[in-house]
Amino acid sequence: MGNIQKFINLRRCMKNQWLPTSELEKLQFKMLKSILTHSYKNIPLYHQKFKSAGIYPDDIKSLEDIKKIPITTKQDIKDHYPNGTIARGVDTSKCWKPHTSGSTGKPLTMVYCTKDEDYQKAVALRPNLACGQKVRDKWAVITASYQAKPKKWFQKLRIFAPEYISLFEDVNQQIEFLEKFNPKILDGYATSIFLLAKELKDQDHLKIKPKIIFTTAEMLMENMRKTIESTFQQKIYDQFGCVELGRTAWECPEHSGYHMDMDSVLMEFISNGEEVSPGERGEIIYTGLYNYTMPLIRYSIGDVAIPSDEKCNCGRGLKLMESIEGRKDSFIQTPTGKIYSPIIWTIILRPFSQINQFKVTQEKIDHIVIEITKTKDFTNETLTAVKERIDQYLGQEDIHFQFEIVDEISRKGNKKLKSVESKINIKWN
Ligand SMILES: [Zn+2]
């Protein structure tokens, strides 16, 4: 695919965002019909799913009708990959094959032909442009090492060419590079930018002065947002997505939630098999609308979020999602059956400036391990105060809390850092 097509894709995406919501829904339905028909004909897994439900693509006469199609799980995709999930006749040797980090088990591989990949790049670039990034802005991206390319110190600046920094590099090395590079755009994994901001927080004369900060890939906790914004004196624009579908939702300069990329994905929010009302927590079910090589139809990814029916002041027609609550496995369920969003840990631990980073792991229903990396001000009194505060929020629960003061919160390989993780099976109803 040539550069002209890439430009056309980007121009189309930039235009689509301002269409009225009703027009975007029409476009969404058109794209949905097309990918369903294609999947039924060319993808064995979906042919089988349609058949088992006794339906044909023609039975889908509105966006709501999508509920007639069975859900696809990660396991379904892994079990049927590659022959059952990739369209017949595709030469996969020429395809782009990103894979998930495997933070929830065996990695899952996606396949995109160039045409689909080009469209994804345009969708991914849209929020950056919408938030003010310009063509030749110096752009630093902190990312997993398998995505990062070797650094070229005198790399000639090209159009939208990011400079990659590995998140596994020591924070002081990252700072050294960033001070020399002096990026206008700072972009990357939320926890990496947070750690960078923590390190630079007390410096009087900051040499790193980004004009725009994008966070992505990991849950941006409220304390992280505050630290990053106060260190760099800039607002963050958080972006949401996944390896399987690329960018799917993002914050615009109004910060009134996350605009969903309606011209590339259809997002449903489900609880107990039913669509939730705006303002209620639901599990995201994605249908990708442009990857014809390896389509994902009603794909359950395990992320939980809250849809919104508010209109954004920016005037974009792309519908809003109120907030991202986290991955399904970052919720904990206590012995009384109560389910707590990962946000509760930020609320509990936020007042403690002596805590650098934390990770909460629910090992068993009544056993939670809290790993902490401390600052030099951390004392035994801090730990006592932390325990008291946990007691205020979860004191009625019969849980054994185990504290571990560690030097570093380990990512265990190339995985995303999860601040909260539960190893138990939550009973949602
Ligand atoms: Zn907006």
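Condition test on ASP65, is it out of contact with any Leu (no Cβ under 8 Å at 6 or more places or on another chain) and modelled with pLDDT under 95?
Details: out of contact with any Leu (no Cβ under 8 Å at 6 or more places or on another chain): yes; modelled with pLDDT under 95: no.
No.
Whether a residue is of a type in the set (Lys, Arg), outside any loop (DSSP other than H, G, I, E, B), touching a strand residue (DSSP E or B) at 6+ places or on another chain (Cβ under 8 Å) and farther than 24 Å from ILE348 by Cα was assessed, and ARG247 passes this test.
Checking the conditions here, which among ASP116, ASP65, ASP76 is without any contact (Cβ under 8 Å) to a residue 60 or more places away in the chain, part of a helix (DSSP H, G or I) and crowded, with 17+ Cβ neighbours inside 10 Å? When all the criteria are applied, what remains is ASP76.
Rundown of residues vs (1) within 16 Å of the ligand (Cβ to nearest atom); (2) of a type outside the set (Gly, Ala, Ser); (3) touching a Leu at 6+ places or on another chain (Cβ under 6 Å); (4) without any contact (Cβ under 8 Å) to a residue 40 or more places away in the chain, yes/no style:
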residue: THR248; (1), (2), (3), (4): yes, yes, no, yes
residue: GLU251; (1), (2), (3), (4): yes, yes, no, no
residue: HIS255; (1), (2), (3), (4): yes, yes, no, yes
residue: TYR258; (1), (2), (3), (4): yes, yes, no, no
residue: MET267; (1), (2), (3), (4): no, yes, no, no
residue: GLU275; (1), (2), (3), (4): no, yes, no, no
residue: ARG281; (1), (2), (3), (4): no, yes, no, no
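Considered as a group, the residues in the range 223-240 that are outside any helix (DSSP H, G or I) and buried (at least 19 other Cβ atoms within 10 Å of the Cβ) include one that is nearest to the ligand (Cβ to nearest atom), and that residue is TYR237.
Kindly indicate whether SER422 is crowded, with 19+ Cβ neighbours inside 10 Å and touching a helix residue (DSSP H, G or I) at 6+ places or on another chain (Cβ under 6 Å).
yes
Residues that are polar (S, T, N, Q) and in contact with a helix residue (DSSP H, G or I) (Cβ under 8 Å, 6 or more places away or on another chain) were ranked within the range 283-325; the one that is farthest from the ligand (Cβ to nearest atom) is THR293. Pairs are defined by a Cβ separation below 8 Å, a sequence spacing of at least 6 or placement on different chains, a first member in the range 297-324 that is on the phi > 0 side of the Ramachandran plot, and a second member that is of a type in the set (D, E, K, R) and not in a loop (DSSP other than H, G, I, E, B); the pairs so defined are ARG298/GLU268; GLY302/LYS74; GLY302/GLU283; GLY302/ARG327; GLY302/LYS328; GLY302/ASP329. Among the numbered conditions (1) at positive phi; (2) within 24 Å of the chain's Cα centre (by Cα), the only one that GLY89 does not meet is (2). Quick check on the range 117-150: of everything there that is farther than 15 Å from ARG247 by Cα and touching a helix residue (DSSP H, G or I) at 6+ places or on another chain (Cβ under 7 Å), which residue is modelled with the lowest pLDDT? Only one residue fits best here, namely ILE142.
The values are calculated or read from the model by the stated rules, or taken from the named source; none is laboratory data. Since the model is a prediction, treat every value here as computed from it, not as a measurement. Neighbour counts run over all protein chains shown; Cβ positions are idealised from the backbone, glycine included.
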